[in-house]
Every structure is written in structure tokens, then in C-alpha cells.
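To start, the structure under review is shown below, and the notes come after it.
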Amino acid sequence: MGMAVAILLLTALPQIGAVGRTANEYEVKAAFLYNFAQFVEWPSDVFRDSKSPMVIGVFGQDPFGSTLDEAVKNKTVNGRRFVIKRFKALRDIETCQILFVSASEGERVEKAARAAGGKGVLTVGESSHFIDHGGIINFTIDNSKIGLEISVDHARNASLKISSKLLRLAKVV
Amino acid sequence: MRAFRDIPIKSKLIAITMLVSCVVLLLACAGILVQESFDNKKIMVRDVSTQAKIVGDNSTAALAFFDHESAREILNALQAKTNIVSACLYDSKGKQFVRYFRSNKGLALIPKSPGKEGARFVNGNLIVFRRVRLDNKPIGTIYIESDTLQIQANMRRFVTILSIAMLISIFVAFLMASRFQRIISEPILCLAGISKAVSIDKNYSVRAVKCSGDEIGTLIDCFNEMLSCVQQRDAELETRVAERTAEVEARNKQLNDEIAERKRAQAALSASEERFRIVGTSMHDGAIVVDEAGNVSFWNEAAQRIFGYTSDEIIGKSCHAILAPHRFHEAIDKAFADFAATGSGSIVGRDSELIGLRKDGSEFPIEMSLSAVQVKGRWHSIGIIRDITKRKEVENEITRAKEAAEAASRAKSEFLANMSHEIRTPLNGIVGMTGLALDTDLAVDQREYLEIVKVSAEALLSLLNDILDFSKIEARKLELNPVPFTLRECVQEIISSLAVKAHEKHLELACRVMPGVADDFVGDTLRLRQIIVNLVGNALKFTDRGEVVVLVDSISQTESEATLHFSISDTGIGIPKDKQNQIFSAFEQGDGSTTRKYGGTGLGLAIASELTRMMGGRIWVESEVGRGSTFHFTVIFGIGEKTTESMPLELEGVHVLVVDDNATNRIILEEILSRWHMRPVLAECGDAAIAAMEIACQDKDPFLLVLLDSHMPEVDGFAVADRIRTNESLADTTLIMLTSGEHFGDIAKCQEKDIKCYLIKPIKNSELRNKITLALGGGLPTKNKCATTNKEGDMEVYHHLRILLVEDNQINQKLAQRLLEKHGHSVVLANDGRQAVAFFENEMFDSILMDVQMPEMDGIQATSAIRALEKGTSRHVPIVAMTAHAMVGDRERCLAAGMDDYVSKPIQPDELFRALERTIDIAQGNSKMTGEPPIDLDFALTRVEGDMQLLREIAGLFGEECRRLMDNLQSALDNSDAKTVEKIAHTMKGMLGNFGAKGAIEASLTLERFAKQADMEKSMTAYSNLESALELIRPFIAKLALEEAA
């Protein structure tokens, strides 16, 4: 199933800009979430041990459906499996390494990050002032193309090191 | 290469050095270049691979987030590298993600999809594929293609630098080579110069200068030495050449001489060839040469004369097809094929007599000597041919003449044999009848006349025999007939036959076979007898007193043959020296007067001489007039199978005294007695004998036996016997008298003096042995075999015999009949063989005297028939041949036919009776039919288990029973009742069986057989035979019965 998604993703890429906010948009975003895990370095103490899974949390309304689950299915990063957790309310948030904050909850990003563990949580959003509200990586749509905004300061605050290779692709704010 | 060899050594050295230098430099440069190029490529690969890695690493994020912009930026950074022609980033699916190229040309070269990871040079460019990995997972591939212009530029520069360096090196090398080659080349050039000088100027005195100690130095030394040698050799050669030149001149001269000689020889050869050709063509014999195909290739005039063909007519044509009669062609073709292959054949290399064919078709005998010649591997033949028609005629003439002569000779010899037979028959009559007449009462003068008649007739007979023998010898018709014999027995027998004659003249006749001479030989005893009889006869004839001694010794002996030496010595008149050689010639005698005084033909010695020669020996004489003669002869006999004489054990160790005045006799007796292991002592007179006996008696070793010679001077044998008998201590001694002649009353005297027996000298070994054994055994009947040599006693041993005389000649019939009847025998006459056989079938005879030459059926045939009839029965009637045949083989023919003995006509009574005696002995040995008591008492006793009483009772009954049966037989025969005859004969046979009366049993058996066949006539004869047989046994049986009565 993952393979099918990957194929779908790759073949769809040239048409990303024209897609708009559709189901395809979230398939790409789900793949991006997975890729972030590869270009971001977490402090070692966020994992209980070397086998502890990489937990991706989705806070607020879930725009991915099943696509996110499928994007990480059977995949690992540095030998860690992926676990997807969904939090409806703030009080539901548990410890996780990547926390996708849906557009509806963009303003409560800092609270959410604190709820998810404070340090060592990579927050990813898709609202226009997500960075301003303390988010680290924000998806933008620019000329029908999915772009990235990354706050190096927020990342540093969260004790995360973001690869220069990723930064080259993003708009650093 | 050729050119190189010829250039000066200096250039060679430089060239070699330069070549080596260049090759080394080039190889070194090439090595450096290869290394440089390799290094450049390696560096470039490393650089480009690094580039690819950097670009790839930088592109991971772009690939992960599908960011073309970023990726393109990264690739465009490659612009800084001028060598990069193109680059491309492929996504994880292998699709081109972004591309980079320096010019449009590069675009086309970018592969559509990524290749195998790694670096490789393609079309002069280096291409590198490298996987782009994220978290160890491939997410794409980077492709970079780089040109190699940089490398090429580098290499070019490098090559330029190397070339310059090389050129400089070569130049330096050339300078150095040019400089240093002199070290080697200069001494060689120097040496070459000198040798050139030597060879051109022939100046061997110059020497090269040695300037180093290396191989060239050695070379110079050797060269100098060689020059010295050459110089020396030169001098020697000079002298040699001078010598050789002289030699060659001499040889040339010689060759010239030889050539001249050859020319002369050639001329001679031509002349010889010419001569040969002339000989070939003009010779008297035909000469034909036949080539390998069988065609005539040479034909001379003589051949033309012989065969009638000219050489034109025959040359090149098949030789034998023309010259041999047609019937021989096949055989000749075959022989010629063999000849062509092998060069040999049955008529090659010798003279052969063949049949030739003339041109006119006539055949004629030729003699051809054929020789084979091989020319170029093919066989040719040369035939020398002679017409032998005339010679053949002469040969035939000679053959005819020879045959005629032989026929004449045969006729003569037959005539002689016949004549001899014809003369013998009447002579036989004269001798025999005279003998008979002499036995009758005659007036003194009548007896005297008749004695003369008898002697004359006998002389005539011996003359006849001699002439016959001599003629046979002359005609080479006398053949030897060797038979096995025992020497001593034979010689003694011959001598004893001559004893009478000796004793008549009161001569001692002694015979001595030397001890050590073997006894068993193979030889012709008849001829030996003839020689001995002749020589002894002569000796006796020419000796008036004294002795005749025959000595036999062995000269040499091999495994198969022995040479015996006989000598006959007499004490007679002797032969003068000048006559000694003549006497062995025919018709010669010692003296013309001798003939008148002693008679004789003079043939005897000639015959003896011939006979000894035939027997491989010779004869000679030693003689002194008045003292006597000794005749010697040698003969060769074959060695016979050894018949060992059984040693008379009973005689062993017996102490025996021999009393004889004759020394020879004493020695002979001593030898004989010693052979039997007796202990003989010799005494030469009566006195010595008595003395010896007394001494022996005292020594407690008395003589058991004394052999006494009856006639001794002073005291004769009988007187000595008297003295022995009257001497108490000696009276018991057994005496045997030996006498030299028969003296009236000798037998009576012997009996009177209790002399066991007497023997007439010369004594036969066997006889002596028998006598001694009998005498020592004691209790001899008065009439015993000791009298066998006594003429009167001879026949008394035997019963009167029934003899069948078979003889066609009436005179002989009468003579023999009278002679036999005079001795009490009954004679049945048969006129020929057929009659004889008929008689034999029907009657029983004790002996048959058979003439050999008879009409109808001769003696040989008759004998064969009789022996055939006897076959299967136990009968063997003795048959004695009487023959006037004096030819070789008669005796053998007679014996082969089954006869037992042989007497020659005219019949000498002695001989006849001796033969009868011998044959009867044989018959007794065979069947005991005659000469023995006709009944076998022992057998009869066994039948009754030893009950003498019973036997006597049977004997008592026999007479009457026998008469009764015979009467019955008679009447049955009269009635021709064969059945009854058979039955009675059978009964008779059984009765006779009780007494073992073999003769009678056989007679009854014969009767029974004939009766069974119902042959009454034969039965009658058998009956009469049975009757006479019964007649014979009746007295014995009667005696048996009488003993019972007593």
C-alpha cells in the first residue's frame, strides 16, 4: 500500500501546484512529514531507548485521513518505527517527536508543544502565522506549489538540529 | 643481416652498443608512459567520483522533497569544472530528475536511465554513476560525464619531455661506445693485420704483440704458436713433397707398364675368345646354350650334325619342344620351370642319358652334361651333347654277353649240383652195400677186397665233396649260415667224431679250449667243422705216432664280435719251409710223392683257407720237417646270448685225482674239473697216483673219485685199478676209466673191477659231468647212458623202433632198410611224400627218415603236411631228412619245413644213428611217447591214491578185460558197426587211462575219432595201431599183476 502511495506521490509531483487543497495535497504533506524525520536531529533523551518509536502526533482536525498511516507504514528512521497518534483536544496531547498542528489550532501551537513534551518536539503547521505563534516548520502554498517555512530559532529553542540540506529547500524565517 | 656481418668489427661494436641502449631507453620510456597514463586515469577517476559523491550528497534533500530548483542549482555548480561535459540526477524510479550539460552536444550523451554504479571510460570520456542514499536507502542516482582532455594534454607534454631526454641519452651513448669499442677491436684488428701480412707475404716469421691477459691475449699466444708450427710444418712439407713427387713419378711409370700389360692381356683374351668360339663351333660334341625362356641361344656345328638342324633353324626356338620326343615334353616343362626358379634340377651338373629327336623324326640316345649359368639373375643352361647310339649298342652287346655268361655259369653250377647228386646215389649204394657185405661172414681175402672197395668209395666221396665245395667257393656261391652255438660243446663234438680215426692209429687226440674263452657265439658251425675236420684229418693222416692237439683261444673280443684262434698241432712228418705257402693253393700238396703215399686231392687246405677268409680270419702253418706241424687259423664269430652253465653243486669241492700219462689231457681235465669247482690233483702214472691217494688218505682228505687213463706206458689203467681195489684204505674209491680207443673186453674189465663207467677220449664236458654225477651218486644200473658213445650200446638204450622210410631210389631204400633192420628196427617203406603222408595218417611211427628229392611230393612238402596233421595234437614224430643236396640252405629248408635233423647222402651209418638218437631224445623231451616204459606207474598210483594193492588188482583184471574188448572191437569192425567201435574205443581209453599208458590212449582216441567219422578203413588201421600199442604195455601190466601174486 505504501508502495502505491509512493508511486502516486512521485508521478503526481509535477502537478502539485495545480492541485490546491485536495486529497493529493495531504498525501504530499504526509510524505514530507516522513522526510522531516530524516533531516532533523533529535536530542537523544527524547527517546526512552534506541528502539523507541518515532511518534507523530496530529493535533486538531485530521486532514490526512489514512494517507499518513500509509506513508509511514513499514518505514523506519535510524531504526525506529513510526507511530501515529491523534489528539482532538489539548488535554489529549501525549509525548511525541513530530506534532502536526492543523490549521484550526494554529494559534495554540505553543501550548500544544508544551503538552507534547516541550523540548524535542518538531511542530509542523499549515496556517499563515504558524511561525509567529511559535511553530518550527510551516507548509505554504506558493504558486500552486507546496513550500516550507522554517524557523531556525524555534528549532534551536526546541533543541532540534535541522539539516542544511532541508534548510536549502525552505524559506528560513 | 648479411651486410652487418661484413662491416668492420669497430662499427659492429658501436652498432651493438647503440642498439642495446636504444632498446633499453625505449622500453624504459614506454614503461614510464604506461605508468603515467595509468596514474592520470586513476586520479581523474578519483576526482570525478568525488565530484559525483559531493553532488549526490548535496542533492539528497532536493530529491527527498522533489525540489527541482534546488537540484538544478546544485548541478549547475558543476560549471566550475570545465572537464565535466554533462551531469544528470535520476530519481528513485530511474527517471531523469534534473540534467546539466556544458554544451548541447553533452545533452545527447546523457543516458535515459541510470547505469551500473562505478566509473568507466566510454568513447574517450569518463562516466560515473553513483547512487544517492538517504538513511542508507537509495533515493536516486547521480551521473557525471567528464572529458579526458586534461589527461591527453598531460600525456603529450610528458612524451615531449621523454623524447628529448632519450635523444640526449642516445647521443651520449654513441659517444661512449665510439670511445670504448677500441679496447676490444684494436687488438683484433692488430691480429688481423698480422695474419693478413702472413697470408699475403707468406712470411711466417712475424709475431703478434700480446697486450692483454684476456681471451684475446690467449688467442694471440695460440696464433703465434700456430705460426711456429706452420713454419716448422712448412719445412717438413717441403721435404715430403719432394719425396712424394718422386713416388708419383715411379707409380706413373708402373701404371704405364701395367696399361701396356693390360693391352697385351686384352689381346690374349680376344685371341682366347676366338679360340673358344672356334672350339665351340668346331668341337666334336654338340654344344647348346639355352636362355632363361628355354630357347636355344647357341648352336654349334656338332649339334647341327647330331640333330640335323642348322643354327638358323633353331636359334631362338624352344629347345626341348624341338629336340625332345613329344612324350617327354610335360616332364621337361615341369623340370624347366623348377630350373628357371632355382638353377638346379635332377639332370643339372652331371651326365645324363636321354632320348633326343632328330630333324628327320628319328629318336636316338644322347648323353648330355648340363650346367647352369646365372646371367643377370636369370638361369641359362649349357648342354654338351653326344650321340651315344654306338656306345649304347656296345653296352647292349655287353649286357647280352654278360647275361649269356651268367646263364652259362648258372647252368654249370646246376650241372655240377646235379652231377654231384647223380654220382652220390650210386656211390651211396657202393659204400652202403660194401658196409653191409663186410658185416657178413666173409673169407679173409674177400673181406680185404671189400675193405679196399669201401676205402676207395669213401675217398671218392670225399673227393666229390671237396670238388663240389671248391667249385662253390670258386663261384662265390658258398654262403655262411651263422647260428648260435656253444663253443666247447661244438668243438668237442667235432673232435669226438674224429676220435675213432685217431684211436685206430693209436694217436692221442686232445682238445683244449683255453679257460677264459667265452662259450656262446654265433657262427657257421658247419663250416667251422669242415675246417677243423680237414685240418685234424690231415694231422692224423700225416702223424704216425704221438698226439694231435686242438687248441682254441680268444685273440680279441668286442661287444659284438670275437676273434678266435684255433691251432692244430701234430707230431707228424712236417712240411718243408719252401712248401708251406703252396699247400694252401688248390691241387697242391706238400710233395708230389705225398699224394701217392697219403692220398687226398689237395683241395682240403684250399677250401679251409677260403672258409677262414670268409669267416674274417686267415690260416697259416708253422712246421718243421720231422717234428710236426701246427696249423693255425683265426675266425670271427658274433657274440651269442649268454647261456649260463648251471654249476653242478653236487660236484663242488670233490677231491678228484686225474691219472693220465698225456700232459695235454691232464691239463684239459684239470681245467674242466676246476670249472665245476672240484679239486683236481694230477698224476702222470700209476705209481704217482697210488702215492697221491695214500697221502690224501693220511691227510683225512681221501679222493672220492679217480679218473684213470686206461692206456699208459708201464702200468696201464686197469692195473692201477687193480692196485686201488686191492689196497684196503683205497678200495672204496669211485673209479672212472678214460680210454683212447675201444679195446675188446674193456667193458667186461670195467665191470669186473667195479669201475663205474668208462669214457672214450676226447671227452665231452657234458658227458663227463653226467658220468661223474652218476658215478658219485652210486648204484648205477649196468646198462646206462654211460655207454652212449659205444656203438653197440647205442641202440640198446632204445626200444626197437618203428620207422617210416621215405625214399624213391631203390638202392637207397634197400640200403637204409637193411641198415635199420640190422639194428632191430622195423621199417615201413614209402616211395614218395604222398605215400608217406598216407602212412602217417594211419599208422604210428617212432621216426620218419625222409628223402628230400622225390617225385610227386618231395620231402619238404611231405614234412609240412605231416606237421599240419599233427597240429593240435601232442604228437611230434621225429623226421630226419636224407638228402644228396649239398647246396646252401638245404639244411635250413629242411628244418624250416619242420624236420628235426638232417643227414647227407651217401648215408653213413654212424651219422644216421646219431641223428636218430638225437631226434628220439627230442621226441622224448616233447611227449615221452617212446623210449620210456609205455605205462606211467607214478601216474597210475596217483589215480588209486597210492594203493599199490588196488593197482595190482586192476592190473590183474586188465589182461582179460583187454582181450574181451579187443575181440568185441574186431567183430564190430567186421560188421562195420562204427557206433559200437566208437563206444568200445572210448571204454578202452578210460581203462588205459588208469595206467597212464599214453601211446595206447592216443591210439584208442584215434580209433574213436575215425569211428565217429564212420571211416571204417581208417578205423581198421587205427585198430591195428592200438593192438601194437597194447602189445607194448601188456608185459608191463602183466609184471605189475605178477608182483601181486608174488
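Every number in this text was worked out from the coordinates using simple rules, so none of it is lab data. In this text, all values refer to a predicted model and were calculated from it rather than measured experimentally. Cβ coordinates were reconstructed from backbone atoms using ideal geometry, including for glycine residues, and neighbour counts include every protein chain displayed.
About the centre of its Cα atoms, region B:1-127 shows a dipole size close to 640 debye [charges on the beta carbon of Lys, Arg (+1) and Asp, Glu (-1) only; nearest 20 debye]. The packing ranking of peptides B:450-462, B:544-556, B:193-205, highest mean first, is B:544-556, B:450-462, B:193-205, where packing means the average number of other beta carbon atoms within 10 angstrom of each residue.
A straight line joining the Cα centroids of region B:936-995 and region B:465-524 runs 52 Å.
Placing +1 on each Lys and Arg Cβ and -1 on each Asp and Glu Cβ, with no other charges, gives region B:283-387 a dipole about its Cα centre of roughly 180 debye.
Taking the average, over residues, of other Cβ atoms within 10 Å as the packing measure, peptides B:431-442, B:223-234, B:857-868 rank B:857-868, B:431-442, B:223-234 from highest down. Placing unit charges on each Cβ (+1 for Lys and Arg, -1 for Asp and Glu) gives the protein assembly as shown a dipole about its Cα centre, and among B:146, B:76, A:61 the Cα reaching farthest toward its positive end belongs to A:61.
The alpha carbons of chain B stretch over 198, 104, 90 Å along the principal axes, in descending order.
Shape analysis of region B:400-474 yields a ratio of the Cα radius of gyration to the Kirkwood radius, Rg/Rh, of 1.24. Could you tell me the center-to-center distance, by alpha carbons, between region B:169-232 and region B:279-345 in angstrom? After rounding, the separation between the Cα centres reads 85 Å. Other protein chain C-beta atoms within 10 Å of residue C-beta, averaged over A:35-42: 3.
Between the alpha-carbon centres of region B:7-52 and region B:681-717 there is a gap of 151 Å. Of the DSSP H helices in chain B, those with a Cα length along their own long axis of 30 Å or more and a mean Kyte-Doolittle hydropathy reaching 0.5 comprise B:9-64, B:149-201.
With the convex hull drawn around the C-alpha atoms of region A:78-127, the volume per residue stands at 78 Å³.
Checking the Cα-Cα distances for A:145/A:171; B:454/B:501; A:119/A:171 against a 18 Å cut-off, the pairs over it are A:119/A:171. Cβ crowding within 10 Å ranks B:899, B:1016 as B:1016, B:899, fewest other Cβ atoms first. Considering only B:837, B:882, B:478, and ranking their Cα positions along the charge dipole of the protein assembly as shown that arises from unit charges at the beta-carbon of Lys, Arg, Asp and Glu, the one farthest toward the positive end is B:478. Its relative contact order, with pairs defined as Cα atoms under 8 Å and 6+ residues apart, puts region A:2-172 at 21 percent. Peptide B:58-70 has a mean of 6 when you count, residue by residue, the C-beta atoms of other protein chains within 10 Å of its C-beta. Across region B:655-778, Cα-Cα pairs farther apart than 18 Å form 46% of the total.
Looking at chain B alone, DSSP beta bridges between its own residues are antiparallel in about 65 percent of cases. Bridges between two residues of region B:283-387, per DSSP, are antiparallel at a rate of about 95%. With N the number of residues in the protein assembly as shown, Rg(Cα) / (2.2 N^0.38 Å) evaluates to 2.44.
Here the protein assembly as shown carries DSSP beta bridges of which approximately 60% are antiparallel, counting only pairs with both residues inside.
Relative to the globular-protein estimate of 2.2 N^0.38 Å, the Cα radius of gyration of region B:429-564 stands at 1.30.
Ordered by the count of other Cβ atoms within 10 Å of each Cβ, fewest first, B:618, B:275 give B:275, B:618. When the Cα convex hull of region B:798-927 is projected onto planes of every orientation, the mean area is 7.1 nm². Take each residue in B:575-584, count the other chain C-beta atoms within 10 Å of its C-beta, and the mean is 0.
Cα convex hull, region B:322-461: 195 Å³ per residue, rounded to a whole number. In region B:283-387, Cα pairs under 8 Å separated by at least six residues give a relative contact order of 30 percent. The residue B:252 and residue B:222 beta-carbon pair, evaluated with R₀ = 35 Å, returns a calculated FRET efficiency of approximately 0.30. Computed as a quarter of the hull surface, the mean projected area of the alpha carbon convex hull for region B:2-167 stands at 13.7 nm². Dipole of region A:2-172 computed with +1 at Lys/Arg Cβ and -1 at Asp/Glu Cβ about the Cα centre; of A:136, A:24, A:122, farthest Cα towards the positive end is A:122. The coefficient of translational diffusion for region B:939-1045, derived via Stokes-Einstein from the alpha carbon Kirkwood radius under 4 °C and 1.567 mPa s, stands at 93 µm²/s. Altogether, the Stokes-Einstein calculation at 25 °C and 0.890 mPa s, with the Kirkwood radius of region B:479-644 over Cα pairs as Rh, returns a diffusion coefficient of 152 µm²/s. Under the definition of Cα pairs under 8 Å and six or more residues apart, what whole-number percent is the relative contact order of chain B? Here the relative contact order equals 5 percent. A simple charge model with +1 on the Cβ of Lys and Arg, -1 on the Cβ of Asp and Glu and nothing else charged puts the dipole of region A:2-172 at about 420 debye relative to its Cα centre. By the helix-only formula, in which each DSSP H run with n ≥ 4 contributes -39500 (n - 2.57) and the sum is divided by residues, chain B has a 222 nm mean residue ellipticity of -18500 deg cm²/dmol.
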